[in-house]
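Structure, as structure tokens:
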Amino acid sequence: MARRKQIYEGKAKILYEGPEPGTLIQYFKDDATAFNAEKHAVLEGKGILNNRISEFIMSGIERIGIPTHFIRRLNMREQLIRQVEIIPLEVVVRNVAAGSMVKRLGLKEGDLLPRPVIEFYLKDDKLGDPLVTEDHVNAFGWANPQEMDDILNMAMRVNDFLSGLFSAVNIRLVDFKIEFGRQFEGDLMRVILADEISPDSCRLWDMDTNYILDKDRFRKDLGGLTDAYREVATRLGIIKENDKRDTKGPVLVSSNEEK
Ligand code: UDP
């Protein structure tokens with residue numbers, strides 16, 4: 001069989017040419033990076049879990065009427081997706097103070113915010129993904145006002161959907177990052193949800209113990225990342241309690257100290 005053409009390789013995923021025009025294959029790697037790729041490790045089984053969790057979440061989001069790039073999962077590590085032109089913004093929705101917001105605004109980690117807050121970061125590794133305002137987005141044309149309206153609306157609806165989904169299994173959705181893309185069909189263009197939604201891109205805390213069930217286990221060197229992701233998948237009913245397929249522990253390939 002001819003080798004598939006690789007379109008793009010990111011930190012945790014690879015995109016290959018899809019079987020039909022307008023489609024791509026999204027491959028989930030086991031790689032984890034943090035602090036703008038200064039810290040890197042391969043965590044065995046992470047990609048498989050994120051593929052399943054993202055499939056589950058994207059399908060649920062699609063069911064409530066929000067368009068996504070997800071078409072179907074193909075195998076353990078791959079899913080078929082719609083090709084989009086990625087809007088160069090990381091859209092972060094926060095419910096509880098954590099991470100960079102705590103440092104920037106001097107908040108106490110874990111404090112409930114007065115209401116959900118949306119932030120935009122410019123996708124630019126060289127600049128370290130800086131926080132930008134909606135006026136920057138409009139002025140520099142990264143997205144137009146109509147697209148921003150769609151993005152804000154979808155981000156809020158995704159937050160409500162995910163908050164409910166996770167709270168039903170005793171997990172607090174602290175914050176998450178999503179990305180959007182433009183899908184072209186003939187003369188028509190629409191903004192749809194792209195990328196992935198998984199514990200790599202969310203902060204998820206157990207509601208009773210505040211045990212961390214997301215990528216902060218890697219960022220903060222807490223260990224047990226794949227076990228935590230497996231716990232999320234099990235609670236959501238994606239995998240069975242006694243599913244022992246991906247039980248090998250994390251393998252640390254290289255790790256540099258936080259800057
Ligand atoms: N996030 C992400 N990718 C990034 C930066 C952040 O998925 O490149 C997610 C992160 O997991 C968290 C949310 O976005 O759920 C908010 O992250 P924050 O701005 O606090 O950044 P951090 O301090 O984690 O770098």
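The values are calculated or read from the model by the stated rules, or taken from the named source; none is laboratory data. Only a predicted model underlies this, so the values are computations on that prediction, with no experimental measurement involved. Methodologically, a virtual Cβ is constructed for each residue, glycine included, from the backbone with ideal geometry; neighbour enumeration extends over all protein chains shown.
Against the condition crowded, with 19+ Cβ neighbours inside 10 Å, under 19 Å from Arg182 (Cα atoms), modelled with pLDDT of 95 or more and within 16 Å of the ligand (Cβ to nearest atom), how does Leu43 come out, does it pass?
Details: crowded, with 19+ Cβ neighbours inside 10 Å: yes; under 19 Å from Arg182 (Cα atoms): no; modelled with pLDDT of 95 or more: yes; within 16 Å of the ligand (Cβ to nearest atom): yes.
Considered against the rule, which asks whether it is crowded, with 19+ Cβ neighbours inside 10 Å, under 19 Å from Arg182 (Cα atoms), modelled with pLDDT of 95 or more and within 16 Å of the ligand (Cβ to nearest atom), Leu43 comes out as no.
Could you check segment 82-109 and list, in sequence order, the residues that are within 13 Å of the ligand (Cβ to nearest atom), over 17 Å from the mean Cα position of the chain (by Cα) and on the phi > 0 side of the Ramachandran plot?
None; the set is empty.
Of the conditions (1) loosely packed, with under 14 Cβ neighbours inside 10 Å; (2) within 11 Å of the ligand (Cβ to nearest atom), Asp175 satisfies every one except a single condition; which number is it?
For Asp175, the exception is condition (1).
Scan segment 41-57 residue by residue and report those that are among the small types (Gly, Ala, Ser) and assigned to a strand (DSSP E or B).
Restricting attention to segment 41-57, the residues satisfying the condition of being among the small types (Gly, Ala, Ser) are 41, 45, 47, 54.
Answer for segment 41-57, where residues must be among the small types (Gly, Ala, Ser) and assigned to a strand (DSSP E or B): just Ala41.
Condition test on Lys248, is it away from the ligand (no atom under 16 Å from the Cβ), in contact with an Asp or Glu (Cβ under 9 Å, 6 or more places away or on another chain) and at pLDDT below 95? Can you show your working first?
On the way: away from the ligand (no atom under 16 Å from the Cβ): yes; in contact with an Asp or Glu (Cβ under 9 Å, 6 or more places away or on another chain): yes; at pLDDT below 95: yes.
It is true that Lys248 is away from the ligand (no atom under 16 Å from the Cβ), in contact with an Asp or Glu (Cβ under 9 Å, 6 or more places away or on another chain) and at pLDDT below 95.
Pairs under 6 Å by beta carbon, first residue without any contact (Cβ under 8 Å) to a residue 12 or more places away in the chain in segment 203-219, partner more than 11 Å from the ligand (Cβ to nearest atom) and of a type in the set (Asp, Glu), six or more apart or different chains?
none
In segment 8-40, what residues are within 16 Å of the ligand (Cβ to nearest atom), more than 22 Å from Gly224 (Cα to Cα) and part of a loop (DSSP other than H, G, I, E, B)?
Selection gives Gly10 alone.
Across segment 178-201, what is the total count of residues that are under 20 Å from Glu231 (Cα atoms) and either crowded, with 24+ Cβ neighbours inside 10 Å or among the aromatic types (Phe, Trp, Tyr) (or both)? Can you show your working first?
Taking segment 178-201 as the starting set, the residues that turn out to be under 20 Å from Glu231 (Cα atoms) are 196-201.
Cutting the leftovers down to either crowded, with 24+ Cβ neighbours inside 10 Å or among the aromatic types (Phe, Trp, Tyr) (or both) gives us 196-200.
Matching residues across segment 178-201 total 5.
Restricting to segment 10-48, and then to whatever is within 14 Å of the chain's Cα centre (by Cα) and of a type in the set (Lys, Arg), can you tell me which residue is farthest from Lys123 (Cα to Cα)?
Lys46
Go through segment 220-241 and count every residue that is free of Cβ contacts under 8 Å to residues at least 24 places away in the same chain and outside any loop (DSSP other than H, G, I, E, B).
Here the count works out to 3.
Against the definition (within 30 Å of Asp221 (Cα to Cα) and either part of a helix (DSSP H, G or I) or modelled with pLDDT under 95 (or both)), how does Gly60 come out, yes or no? Quick ask: steps written out before the conclusion?
Numbers: within 30 Å of Asp221 (Cα to Cα): no; either part of a helix (DSSP H, G or I) or modelled with pLDDT under 95 (or both): yes.
No; evaluated as a whole, the condition is false for this residue.
Can you work out which of the residues in segment 121-141 that are farther than 10 Å from Pro88 by Cα and more than 16 Å from the ligand (Cβ to nearest atom) is nearest to the chain's Cα centre (by Cα)?
Glu134
List every residue pair whose Cβ atoms sit under 7 Å apart, with the two residues 6 or more apart in sequence or on different chains, where the first one lies in segment 145-174 and is free of Cβ contacts under 8 Å to residues at least 60 places away in the same chain and the second, anywhere, is acidic (Asp, Glu).
If the second residue must be acidic (Asp, Glu), the pairs left are Met148/Glu134.
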